[in-house]
Every structure is written in C-alpha cells, then in structure tokens.
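The values are calculated or read from the model by the stated rules, or taken from the named source; none is laboratory data. The shown structure was predicted, so the numbers you read here are calculated from the model rather than taken from an experiment. When we count neighbours, we look across all protein chains shown, and the Cβ atoms used for this are built from the backbone with ideal geometry, even at glycine.
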Amino acid sequence: MVSSMSRNELEKFREMSVAEFFARYREVAGFSNPARALYQTVRELVENSLDATDGHGIVPEVKIYIERVNGDRSWCKVTVEDNGIGVPPTVMSEAFGKVLFSSKYVLRQTRGMYGLGVKASILYGWATTGNPVEVQSSTRGSDYIYVKKLYIDTKRNEPVVVEEAQFKKNVSWNGTRVSLIIECDWQRAKARILEYVRRTAVIAPYSDIILQTPDGEVLFFPRTTRKMPKPPRTAKPHPHGVDVETLKQMLQATKAKNLLEFLESEFQSVGKQSALEFLKVSSLNPAMKPRRLLRSENDGLLVAMVEAMKSFKFRAPRGDYLSPLGEELIKIGLKRMFNPEWVDAVTRPPRAYQGHPFIVEVGMAYGGAIQASEEPLLLRYANKIPLLYEEREDVSYKVVADVNWKQYDIEMPAPLVVLVHVVSTKIPYKGVGKESISDVPELEAEIRNGVLELARRLKRFISTREREAEAMRKILVLAKYIPEIARSLKTVSKPPESWKPLEPGEEGDIVEALVKLVARSVTLPRSHDNPGRSVEDIVRGVISEVKIS
Ligand SMILES: Nc1ncnc2c1ncn2[C@@H]1O[C@H](COP(=O)(O)OP(=O)(O)O)[C@@H](O)[C@H]1O
Ligand SMILES: [Mg+2]
C-alpha cells in the first residue's frame, strides 16, 4: 500500500502547449505518414487560398507547385499562391506561427475553422526537415508585399521569425504565397492529390487551378464559369446553439442594458415578442442587467437560462448567410468531370441541428463517360472542401449505401455518381483532419431527402428512355416494311388484268397513308433530348434509308 502510493507520487506532471501537442500527435491532424502529410499540406494551403478568394467575392486563381528538393531525399517543396485578400502584416506572424490563431472563429461558413491547418503543416515541415515556412502576402490596396520566414517555438506556441522583408509593389498583385519544405512521398500521394484537385475543380468551377507536379507535369483546370455563389456572411448565434460558457462570454461582452435588449440584439431569430415570452416562461426579469447574471449567486439561474433557451421555440436559425453552390453550378461541375448522359442537382431548404443552420445539396450523374461500378461513386463535400479519406465513416456514405437502387430501376453495377455537399457555420466533423462528417440525425434526414429526390428523377429519366427505345424499335420494324407493303398493296387492290406500272405519285400516296398509320400506333415519350420530335418524320427517315440500301 505504502509502496504503491510512493510510486504514484513519483509520477511526473507537466503542461504541454497546444503547439507541442500537435507537433507530437501530428496524426490527429492528418499527418500520419509522408504521403498523407503531403496531401494534407496541399489541402490546408489550397483551402486557405479559396477561403481568401471566393469567401470574399474574388474569382480564385490558385497555383500549386510541388517540387522535389535535395535530390533523392524524400523532401518536397510545396508552394501555393492565390489572388486573395492577403494577410495583414500585423497578424502575419501569428496567423502562421501560433497554433489556434485564426480569423475564422466566427459564425461564418468557411473551409478552415480550427485555426490549426497551416500551422500543422508548418510544425510537420519543421520537425521533418528543419525548414521554416516562407510567406509572402499583400492585402488589397496595400503598396507593399511583406515576406516572412518563420517557424513555431512549440514550447511557447509562439512564432519565431528568422527573416523578414517588405518590398514596394510594382505589380497590382494582392494575395498570398506560402512555401513549405516537408518530408513527403509523392508517388504514394499522387493519386489522392490529383483527385483532390479534380474534385475541387468540380465544387469550385469558377476557379482557375494550376498544379505543377514533381514529375514535371502541369495540370490546368480552367474555370468553366465566372458565376460564383454569394459569399457567406457572419451570423449571430442562435439561442439553441449556445452553451453556458458561450453565454457567459456574451453576457460579459454585451453593450445591452438589460436582458430583453441582450436577447434581441445578440441573437438571431429572437424578436422582442419572443424575447419577452421567453423571459416570462423562464422567470427572468427583462430589466435585469446582463452582467448581474454572472455573479456567483446566480450560477443556477444562468444554467437554467441555457436549458430554457435550448427548449424554447424560437424561430429556426437562418440559412440565408450560408453559401451553397446552387443547382446550376453543381450540374456544371459534374458535366465537366464526367460528361454524363444525365445530370441533375437539388439544393435543399435550410435546416438546423443544435442551433447551427445547414444546407444540403445533392447532385447525381448517370451514364455517358461514367464507369459502371458496384457502388455509386460518392463525391463528398463540406463547405466546398472535397473529403477523400474515411469514406465509410461518413454520414453520406451511410445514406447512399442504404438506398435500394433496384427500386429506382437502377441495376448495379451502374454508371452512377452521387455528390453530397453540406454547408454550415459548423460542420460536425469527426476529427480535426476534417475528413468525415458525423451522423447527426437532422443532417442524415436531409441528405436522404436529397438523394431520394434525385433517385426518383433518375428513375423517370431511365423509364422515359426505355419507353423511347421501345417506341423506336417498333417504328423501325414497321417502317422498314412500308415501301414493300406499298408496292404489294397497289397490286392487290386491283384485278390482275389492270396491273401496270405505277403512276407517279400513286405509291407515294400509299406510303404517306401508311406513315400516318404507323405514327398513330406509336407514341414517343417526351424527353429533354428530343422535345417534340415527330414520329412521322422519324418513320420517313427510316423509309428513305431503306430505299437507299
Ligand atoms: N492564403 C491565405 N490568404 C489569406 N489569409 C490566410 C491565408 N492562409 C492563412 N490565412 C490566415 O491565417 C489564418 C490561419 O490559418 P489556418 O492555420 O489554416 O487556420 P484556419 O484556416 O482554420 O483559420 C486564417 O484564419 C487566415 O486568416
Ligand atoms: Mg486553414
């Protein structure tokens, strides 16, 4: 007993900074091996570049260069350059040199959200090759380009700048260029990285993306449209999404003079009427000063208020500050990537989970250049980020795997692509690597609604196409015999003694009559490829071909 206690006393306790944590447990952020780390680095840099462009109404131009450095050593230099809003020089060191420092800790739909991404890459680069990150950036309207080389002091979680400079701009560029040297495995990462860039081009078809690979290839994904969705806007929190700690911070920061004003001004979906009603049912005095709730004797009241806020029927969270892609752009993206026979998309109405608004979009493509497979090819996206790893853990996979495709006249293996895009101010990712989405029931239901809606439309397309094919077969069979029948008819309709060569036009009349007869016996379903094609014309076409042969 005594000895075990003294052993416990010998346990060594110490604190670890968040930077040290991610340097040491890098696989948590997606840096489990050199291949995955290269993929993750490209991803984090590209996502920052896209946030800095389309997130601010700028049509993106993103250049990705991956080069081998140091001969046969497995080191890569990854550089990503954009034409975005740039990083102000005052925060540049921290944005790149302090883990959990971000401009995205607000309620806004962004690709980044943890304030970790680029720093996880920088920590990895520093740990594996000992090279600092190099950042060049210029904000819109600035006359200077600022350059910094830095690494992260992991013990203190602080940037250490090893070199800095500023240059007067002689070009009108604004944007950011980030270069990192990391240990990598290009051969094993190649397929994923190409797929990642391809899928990014699908979800952001208004972007110009260039990828230069260590093999000396240059891949250019030109934009197919300049049309961009409206950028996301920052929202106030919804009362259903607030916890005790958040409420405390809000009460501390508010300028509101009393609780009524506090509720009305600091939250979305709360009007004067609902605020008053809420305060009444939760026995809170509308005239109470917000900061009084923070006194320790009011702890119970505070917790009760959060509970009440969760269950009170406020208006649903607003989805109008989210930035979905829209049905048209999804279809453009899918057409470009797959050249399918059929494509469609749906943007579902905004919904909410735990006070966070979200919108689900689903796209579907069928036939054409798509390769048939046992399972539909699933393209997953969250806030315009393609998700490539952990497919089977993702809520979309669960939904798509559950669909009974037979019920929709789709026989597996089939050439079928399903795209699921979720946008939200808070995507419920399963991990900080942002590779899969948790199965939140509200989300799952919406994804299912979208997938099944498109499956029904696809079923209609397939059945129309089949009826069309059936009708065409019938037309072909009947029409082929019309010239022959016309010749026979003209003979059987007269006694043998008056058989003589046809008068001009006589056989033609019979043919015309037969064409009309066939046309009446066949109905061709309307489809979007052949709106209003006349059966008579098709029959005449077949006859003319028969005569030629
Ligand atoms: N290419 C870029 N253009 C503009 N700002 C950037 C860029 N890259 C990074 N930043 C800034 O640095 C911050 C930190 O980036 P990061 O560590 O990837 O975290 P997150 O993207 O989650 O915020 C971002 O919030 C952004 O303000
Ligand atoms: Mg980021």
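Return yes or no: is Pro159 surrounded by 14 or more Cβ atoms within 10 Å (Cβ to Cβ), in contact (Cβ under 8 Å) with a residue 40 or more places away in the chain and part of a loop (DSSP other than H, G, I, E, B)?
For Pro159, the condition - surrounded by 14 or more Cβ atoms within 10 Å (Cβ to Cβ), in contact (Cβ under 8 Å) with a residue 40 or more places away in the chain and part of a loop (DSSP other than H, G, I, E, B) - is not met.
Does Tyr146 fit the bill of being more than 10 Å from ligand 1 (Cβ to nearest atom), part of a helix (DSSP H, G or I) and in contact (Cβ under 8 Å) with a residue 40 or more places away in the chain? Write out each step before concluding.
Numbers: more than 10 Å from ligand 1 (Cβ to nearest atom): yes; part of a helix (DSSP H, G or I): no; in contact (Cβ under 8 Å) with a residue 40 or more places away in the chain: yes.
No, not satisfied.
Can you name every residue in region 55-93 that is within 20 Å of the chain's Cα centre (by Cα) and within 14 Å of ligand 2 (Cβ to nearest atom)?
Gly55, Val62, Asp82, Gly84
Filter region 397-439 down to the residues that are farther than 20 Å from Tyr105 by Cα and in contact (Cβ under 8 Å) with a residue 60 or more places away in the chain, then identify the one that is farthest from the chain's Cα centre (by Cα). First the steps, then the outcome.
First, pick out the residues of region 397-439 that are farther than 20 Å from Tyr105 by Cα: 397-421, 436, 438-439.
Those left that are additionally in contact (Cβ under 8 Å) with a residue 60 or more places away in the chain: 415, 417, 419-421.
On the way: Pro415: 21, Val417: 15, Leu419: 9, Val420: 7, His421: 4 Å.
Taking the candidates together, the pick is Pro415.
Step by step: first the residues of region 112-124, then only those that are modelled with pLDDT of 95 or more and of a type outside the set (Ser, Thr, Tyr), then the one that is nearest to ligand 2 (Cβ to nearest atom). Which residue is that?
Start the filter on region 112-124 by keeping residues that are modelled with pLDDT of 95 or more, which leaves 118-124.
If we keep only those that are of a type outside the set (Ser, Thr, Tyr) too, we end up with 118-120, 122-123.
Values: Val118: 6, Lys119: 9, Ala120: 9, Ile122: 12, Leu123: 14 Å.
Here the answer is Val118.
Residue by residue through region 90-101, note down the ones that are near ligand 1 (Cβ under 8 Å from one of its atoms), surrounded by fewer than 20 Cβ atoms within 10 Å (Cβ to Cβ) and within 18 Å of Thr154 (Cβ to Cβ).
Within region 90-101, just Phe101 meets the criteria.
Is it the case that Val62 is in contact with a strand residue (DSSP E or B) (Cβ under 9 Å, 6 or more places away or on another chain), part of a loop (DSSP other than H, G, I, E, B) and either in contact (Cβ under 8 Å) with a residue 40 or more places away in the chain or more than 30 Å from Gly141 (Cα to Cα) (or both)?
On the way: in contact with a strand residue (DSSP E or B) (Cβ under 9 Å, 6 or more places away or on another chain): yes; part of a loop (DSSP other than H, G, I, E, B): no; either in contact (Cβ under 8 Å) with a residue 40 or more places away in the chain or more than 30 Å from Gly141 (Cα to Cα) (or both): yes.
The answer is no for Val62.
Which members of region 391-423 meet the condition of being of a type outside the set (A, V, I, L, M, F, W, C) and within 26 Å of Arg336 (Cβ to Cβ)? Walk me through how you get there before you give the answer.
So the first thing to find is which residues in region 391-423 are of a type outside the set (A, V, I, L, M, F, W, C), and the list is 391-394, 396-398, 402, 404, 406-409, 411, 413, 415, 421.
Of everything in region 391-423, those that are of a type outside the set (A, V, I, L, M, F, W, C) and within 26 Å of Arg336 (Cβ to Cβ) turn out to be Glu391, Asp394, Ser396, Tyr397, Tyr408, Pro413, Pro415, His421.
Out of all the residues in region 90-102, which are part of a loop (DSSP other than H, G, I, E, B) and either free of Cβ contacts under 8 Å to residues at least 12 places away in the same chain or of a type in the set (A, V, I, L, M, F, W, C) (or both)?
First, pick out the residues of region 90-102 that are part of a loop (DSSP other than H, G, I, E, B): 98-102.
Correct list: Val99, Leu100, Phe101.
Considering only region 442-456, state which residues are more than 16 Å from Tyr397 (Cβ to Cβ) and surrounded by fewer than 16 Cβ atoms within 10 Å (Cβ to Cβ).
Those that are more than 16 Å from Tyr397 (Cβ to Cβ) and surrounded by fewer than 16 Cβ atoms within 10 Å (Cβ to Cβ): Glu442, Glu453, Arg456.
Give region 108-137 a look and list any residue that's more than 7 Å from ligand 1 (Cβ to nearest atom), aliphatic (A, V, I, L, M) and buried (at least 21 other Cβ atoms within 10 Å of the Cβ), or say none.
Scanning region 108-137 gives Ala120, Ile122, Leu123, Val133, Val135.
Quick one: in region 94-109, which of the residues that are more than 8 Å from ligand 2 (Cβ to nearest atom) and among the polar types (S, T, N, Q) is farthest from the chain's Cα centre (by Cα)?
Ser103
Could you please let me know if Pro317 is modelled with pLDDT of 95 or more and surrounded by 15 or more Cβ atoms within 10 Å (Cβ to Cβ)?
No.
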